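The values are calculated or read from the model by the stated rules, or taken from the named source; none is laboratory data. Quick caveat, the model's predicted, so the values are computed rather than measured. For neighbour counting, all protein chains shown are included, and Cβ atoms are generated from backbone atoms with ideal geometry for every residue, glycine included. We work out accessible area using only protein heavy atoms, side chains counted, and drop any ligands, DNA or RNA first. Shrake-Rupley method; radii C 1.70, N 1.55, O 1.52, S 1.80 Å.
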Amino acid sequence: MRFISTRTHGIADYLIGILLIIAPWLLGFANGGAAQWVPIILGLGLIAYSLLTDYELGVSAMIPMPIHLGLDIAGGAILAVSPWLFGFADTVFWPHLIVGLVEIAAGLTTRRVPGYARASETMSPR
């Protein structure tokens, strides 16, 4: 059931990317360790591949939307398990787990075809 538009997903991509980058300072776990760097790296990656995605908010249409969604799911899974994978769950885990699960859910519920592509398909003669 894919109900999130690619345009809405694009807006969320940039907002979540920024949130991941600033979360360590915003939520008080900027200690120089993995708890800090995992979300920063994933946030920078999210913004980078969003800029290269073939959807309404992409700058260069190099990455197809299904690949983008796969990257979201993979990045979300890494983020969600990172507190246990990298051994900082005793310090902080909720932000990583929650945002990771949101990323996975977004990847599974976003449409695979950008809105402008669907519109041109319905307007083209058959």
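Each label point was placed 7 Å from the Cα along the Cα-to-Cβ direction; for residue 108 and residue 62 their separation is 3.0 nm.
Approximating the spin labels as points 7 Å out from Cα along Cα→Cβ, the residue 48-to-residue 74 distance works out to 1.3 nm.
Accessible surface for the chain, divided over its residues, is 55 Å² per residue with a 1.4 Å probe.
At a 1.4 Å probe radius, carbon and sulfur cover how many percent of the accessible area of the chain?
73
Which whole-number percent is the relative contact order of the chain (Cα, under 8 Å, 6+ apart)?
31
For the chain, what is the mean residue ellipticity at 222 nm derived from helices alone (per DSSP H run of n ≥ 4: -39500 (n - 2.57); sum divided by total residues; nearest 500 deg cm²/dmol)? Per the formula, -22500 deg cm²/dmol.
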